[in-house]
Amino acid sequence: MATLLIRDLEQVATPGPGAGPRRGAVLGAVEVTENAFVLCVDGAIRAIGPMSALPPLDGEIEELDGRGLSAIPGLVDCHTHPAFGGDRVQEFSLRAGGASYEELHASGGGILATVRATRALDEGGLAVRVARHADWMLAHGTTTWEGKSGYGLDRDTELSSLRAVRAAGGSPTWLGAHAVAPESDGADDYLDFVLSEVLAEAAQLAHAADVFLERGVFDAVQARRYLEACRGAGLALRLHGDQFTEAGAIPLAIELGARSVDHLEATGAEGVSALAASNVVGVLLPASALFLARPMPPARALVDAGAAIALATDFNPGSSFTTSLPLVCSLACTQLGLSPAEALIAVTVNAASVLGRTDIGRIATGFRADLTLLDAPDWRYLGYHLGGDIVSTVVKHGRVALRR
Ligand code: NIG
Ligand code: FE
């Protein structure tokens, strides 16, 4: 029996009990225990409480000194694109000089530049890259992450991407409809190819499917065709929608029973009401809006209307080159009008629900022992310490996975 006792923590902060993604008043319901312990046995949380309630323990116990630290659940990044080769630093530099993301995309840069660099890697090379990106996530306190394919757009590279995400411990999403492959004759022709040649094997490797529904990429008819085929193969559904334009992503996500619709920077009042009245989670990606100098998504309006929201990094080489959920929480509190409690719930239980997970996201008896210890006397430093070196220790499945 492996026992880990984390003792003398300044605070333990966790989303309260509940089922499914939190919304409304419950979205801000964080429980805080001062001067606390967390006891983990065999990878699960056995007990949590104030030090005064620590039960007598015997046998072999590993102890972690929590003085000066605050514990939150291990962070969950429910939207990343870690399977890529090369970088887009030259594009970043051009954008800094005034070029727009959409212009660069239209001139053969953007996603298709990364597709060329990703296809140039063999499966081992891709796996090394994804593992490196997973290490970056861990260093920022992320213990569970989703990773999309979508920079292969051919059979072998899409499948290698999904295998690389699995091998690095991520939850794979087949973003087979991220862009139209350069060798295809338009979006319909490309979809003919992926649905007949890639879907069957991708569905064996991935948990979910995703599509970039956007003007000039895949329209709502094409997105429906892709998603319905993926649903038929047993995959959960996600959508990149309303990033630059409203092109029907929210109604389609609701109709098809998607887990989430992600981005929403361009969502207007009607979309806000529709999403709020549905079970689809709105995944907000403020680091991407920041990186591209785009408007922020209407987070406060969504929350006030009763929508379930999650927050994620959107880590990728073009629109969001960051793996830091603490940074995303800072942006949520300073740019999206969310409270620290709403941000915490959005990167823990609500993000877990987007991934179909009910065993992570809270520090409570029976949950998986994934914890992030912040180098802070108050858990709200998570968003407060902007760009700070906030993560002290990460516990994954009851074991210390990272320690500074
Ligand atoms: O979520 N919007 C589409 N896909 C990514 C960006 C991809 C890229 O620029 O390489 C996103 O922002
Ligand atoms: Fe994305």
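The values are calculated or read from the model by the stated rules, or taken from the named source; none is laboratory data. All values reported here derive from a predicted model rather than from experimental measurement. All Cβ positions, glycine included, derive from the backbone under ideal geometry; neighbour counts span all protein chains shown. All accessible areas refer to the heavy atoms of the entire protein, side chains included, with ligands and DNA or RNA removed. Shrake-Rupley method; radii C 1.70, N 1.55, O 1.52, S 1.80 Å.
Among 49-58, 4-13, the peptide with the highest mean count of other Cβ atoms within 10 Å heads the list, and the full ranking is 4-13, 49-58. Potential lengthening of the chain between residue 65 and residue 400 amounts to 119.4 nm, from the contour at 0.36 nm per residue minus the alpha-carbon distance. If you take the alpha carbon atoms of segment 166-269 and fit the smallest convex hull around them, that volume is 106 Å³ per residue. Evaluated at q = 0.15 Å⁻¹, the base-10 log of the normalised Debye intensity for segment 1-105, with identical point scatterers placed on the Cα atoms, takes the values -0.77.
In order along segment 197-213, the phi-based Karplus estimate (6.51 cos²θ - 1.76 cosθ + 1.60, θ = phi - 60°) of 3J(HN,Hα) comes to 9, 10, 3, 4, 6, 4, 5, 6, 9, 9, 9, 9, 10, 9, 9, 9, 8 Hz; Gly and Pro are listed as x.
If you take all other residues with their beta carbon under 15 Å from the beta carbon of residue 267, and give Lys and Arg +1 and Asp and Glu -1, the sum is -4.
A Förster radius of 45 Å combined with the Cβ-Cβ distance from residue 197 to residue 255 puts the calculated FRET efficiency at roughly 0.95.
The modelled label-to-label distance between residue 135 and residue 26, using points 7 Å beyond Cα along the C-beta direction, is 4.0 nm.
Cα centroid separation, segment 232-269 to segment 29-44: 35 Å. In the context of the full set of protein chains, segment 76-354 has a per residue accessible area of 33 Å² (1.4 Å probe). Placing a pseudo-label 7 Å from each Cα along the Cα-to-Cβ vector at residue 365 and residue 2 gives an inter-label distance of 2.3 nm. Couplings 3J(HN,Hα) for segment 230-242, derived from phi with the Karplus relation 6.51 cos²θ - 1.76 cosθ + 1.60 (θ = phi - 60°), are 5, 4, x, 8, x, 8, 6, 10, 10, 9, 8, x, 6 Hz, where x marks Gly and Pro.
Note on segment 250-312: with charges restricted to the Cβ of Lys and Arg (+1) and Asp and Glu (-1), its dipole about the Cα centre is near 140 debye. Summing charges over neighbours of residue 248, with a neighbour being any other residue whose Cβ is under 14 Å away from its Cβ, gives -3 when K and R count +1 and D and E count -1. For the pair segment 48-107 and segment 285-354, the centres of their Cα atoms are 13 angstrom apart.
Expressed as a whole percent, the accessible area of the chain that falls on carbon and sulfur atoms is 51 (1.4 Å probe). Spin-label pair residue 57-residue 245: with each label point 7 Å from Cα along the Cα-Cβ axis, the two points sit 5.8 nm from one another. Working from Cα positions, state the angle (0 to 90°, nearest 10) between the long axis of helix 155-167 and the longest principal axis of the chain. With both axes taken from Cα atoms, the answer is about 0 degrees. Each residue of segment 176-186 is assigned a 3J(HN,Hα), and the resulting list reads x, 10, 8, 7, 8, 4, x, 7, 8, 9, x Hz, derived from the Karplus form 6.51 cos²θ - 1.76 cosθ + 1.60 (θ = phi - 60°), x at Gly and Pro.
Using only the C-alpha atoms, the convex hull of the chain corresponds to 126 Å³ per residue.
Rounded to the nearest 500, the helix-only mean residue ellipticity at 222 nm of the chain stands at -10000 deg cm²/dmol, with each DSSP H run of n ≥ 4 adding -39,500 (n - 2.57).
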